[in-house]
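Below is one structure; the comments refer to it alone.
Every read-out reported here was derived from the displayed coordinates using simple, explicitly stated rules and does not represent laboratory data. None of the values given here were measured: they were computed from a predicted structure. We place every Cβ from the backbone using ideal geometry, glycine too, and count neighbours over all the protein chains shown.
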Amino acid sequence: MNLSNRRYTNELSAADDGERVCIAGWVHEKRDLGGVFFLIVRDFGGLAQVTLHRKSTDAELFERAKRVPRESVVAIYGIVKSEKKAPSGYEILPERMEVLSEAAPKLPLDTTDKVSAELDTRLDARFMDLRRERTKHIFIIRSEVLKAIRDFFNERGFVEINTPKIVSAATEGGTALFPISYFEREAFLNQSPQLYKQILMASGFDRVYEIAPIFRAEEHDTTKHLNEATSMDIEVAFVSDREVMALLEELIAFVYKRIATYPGLAKLGIELEVPKVPFRRITYDEAIELLSDSGEQIEWGEDLSTSAEHALGRIMGEHYFITEWPLALKPFYAQPSQRRSDICNAFDLMHPRLELASGSQRVHSYELLRSQIESKGLSADSFEFYLDAFRYGMPPHAGWGLGIERLLMSMLGIENIREVVLFPRDRRRLVP
Ligand code: ATP
Ligand code: MG
């Protein structure tokens, strides 16, 4: 075996006619036309047609090629021949074939996209599911989205940070936490980098971002919740909620624009329309009024249900912000409005289908923060490590957290959030 000169199938073309090459990949399909036998070989670049003629190909090679099970890994050494009828305009006339790994005959999934499979079956055999064109492109796009996000923030002078995912008992409350045993103590998996990115605002690092897992022990089984998700967070000092909202909408447009030119989109049957900025802004009060007009009653102070989010999404029809939320609905670190004491400078970024991000201007006064923690029924003492950062010079600041999976599923029109995670974690799924 010498695969060092191996070429990707998409690097070859009819122009290589006559060249002796080596390709390696999976046996995607086998087509037996009697006198001619085709092996379609798939690698990360695409597909190549390997053509064996009964009359001119070595008889032993011809028989071995016919017998090799589908999805086995093979290396093919042969001559490129221009062939208009082949899918990529060329075929390979093989001189030698090495079977590097033979696949078991009964496959858990079909990789040709001809036979559809249940999501659970696909997730159980994710390695195999990733051999399918559609799934492969979802994850290349995911990688491109992350790259675009980093480009966006790096160009704007942000510093990428990493905060701990193992934390002590004190957190922001709200969603349930996963406890873990940490030597003699109990600890938890972090539900958000919130407290740590805020602590950094007291350090002089005044523009930070993090892309990292968040853990939520939410028991419900929905198509938009994971127990381990990826959050994109920013925190910025010396600004208010308005500036970080502008960054958020610009980021969304930037990512869409970048992905809109990705060639694999066509394989997903998608054409991306770049959303226009600025996004519309409606207050929470306006939102419940619009909902009431459409027959969906939300009491002032109640959170928006999934059906309310959908109803509002139908009315708005594009990305929009909901601002000026009831203070009681948002976490203790949201800054109360100067205009009205029962609302706060918090916002949610909505896609017509679901919530994408939540953010706010933060409380930066030690006393107010302490009292807001206590009025949520939490113990301020267990937040000392966080509160300390507010005692020796904390600038005003604001930030948000955006769910990467929510962004992807809304952008690609995917129904189930599990589709955009390699190995999703939900109530029932802990393997693979
Ligand atoms: P929702 O109300 O939709 O459950 P949330 O308001 O509880 O979300 P936040 O705490 O505001 O979520 O988290 C910020 C963002 O992180 C959300 O807007 C969402 O994009 C993402 N997110 C939060 N929880 C989950 C989860 N369980 N699975 C996937 N993404 C999540
Ligand atoms: Mg939220």
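Things worth noting here:
- Taking a sphere under 11 Å around the Cβ of Asp381 and counting the other residues whose Cβ falls inside, with K and R at +1 and D and E at -1, yields a net charge of -1.
- Computed from backbone phi with θ = phi - 60° and the Karplus coefficients 6.51, -1.76 and 1.60, the 3J(HN,Hα) list for the range 308-323 is 5, 4, 5, 4, 5, x, 5, 5, 7, x, 7, 4, 7, 9, 10, 10 Hz; x is used for glycine and proline.
- Using θ = phi - 60° and Karplus 6.51 cos²θ - 1.76 cosθ + 1.60, couplings along the range 7-17 (whole Hz; Gly, Pro as x): 10, 6, 4, 7, 8, 9, 7, 4, 5, 8, 2
- Working from the Cα coordinates of the range 295-432, the gyration tensor eigenvalues give, after taking √(5λ), semi-axes of 31, 21, 14 Å in decreasing order.
- Debye-formula intensities of the range 149-219, expressed as log10 I(q)/I(0) at q = 0.13, 0.20 Å⁻¹, are -0.45, -0.87 (one equal scatterer per alpha-carbon, no solvent).
- For the range 120-239: Kirkwood Rh in Å [reciprocal of mean 1/r, alpha carbons]: 16.8 Å
- Entries of Lys165/Lys197; Lys136/Lys224; Lys224/Lys267 with Cα pairs more than 18 Å apart: Lys136/Lys224; Lys224/Lys267
- Per-residue Cβ neighbour rank within 10 angstrom, fewest leading, Ile322, Ile138: Ile138, Ile322
- 13 Å Cα-Cα reach of Lys84 towards aspartates and glutamates, excluding residues that sit fewer than 8 places from it in its own chain: Asp17
- The lysines within cross-link reach of Lys376, meaning a Cα-to-Cα straight distance under 18 Å and a gap of 8 or more places when in the same chain, are Lys330.
- Shown here: the chain, whose C-alpha atoms stretch 87, 55, 40 Å along the first, second and third principal axes, sorted largest to smallest.
- Contact order, relative form, for the range 321-432: 21 percent (alpha carbon pairs under 8 Å, 6 or more residues apart, mean separation divided by residue count).
- Rounded FRET efficiency, nearest 0.05, which uses the C-beta distance separating Asp124 from Ser379 and R0 of 41 Å: 0.40
- Restricting the calculation to Cα atoms, the range 258-313 shows an Rg/Rh of 1.20 when the hydrodynamic-style radius is the Kirkwood one.
- Residues of the range 319-360 with amide N under 14 Å of the 7 Å Cα→Cβ point at Arg280: 319-323, 350-353
- 3J(HN,Hα) couplings calculated from phi for the range 57-73 with the Karplus curve 6.51 cos²θ - 1.76 cosθ + 1.60 (θ = phi - 60°) are, in sequence order, 8, 3, 4, 5, 5, 4, 5, 5, 4, 5, 8, 5, x, 4, 6, 5, 9 Hz; Gly and Pro show x.
- Each of Tyr333, Tyr256 has some number of other Cβ atoms within 10 Å of its Cβ, and from fewest to most they run Tyr256, Tyr333.
- Estimated FRET transfer efficiency when R0 is 56 angstrom, pair Glu144-Lys55 (beta carbons, to 0.05): 0.75
- Fewest-first sequence of Ser305, Ser231 by Cβ atoms within 10 Å of each Cβ: Ser305, Ser231
- Positive-pole candidate from Ala104, Ile23, Tyr366, dipole of the chain, charges at beta carbon: Ile23
- Descending principal axes extents, the range 1-101, alpha-carbon based, whole Å: 29, 28, 20
- Measuring nothing but how far apart in sequence close Cα pairs (under 8 Å, 6+ apart) lie, relative to its length, the chain scores a relative contact order of 12 percent.
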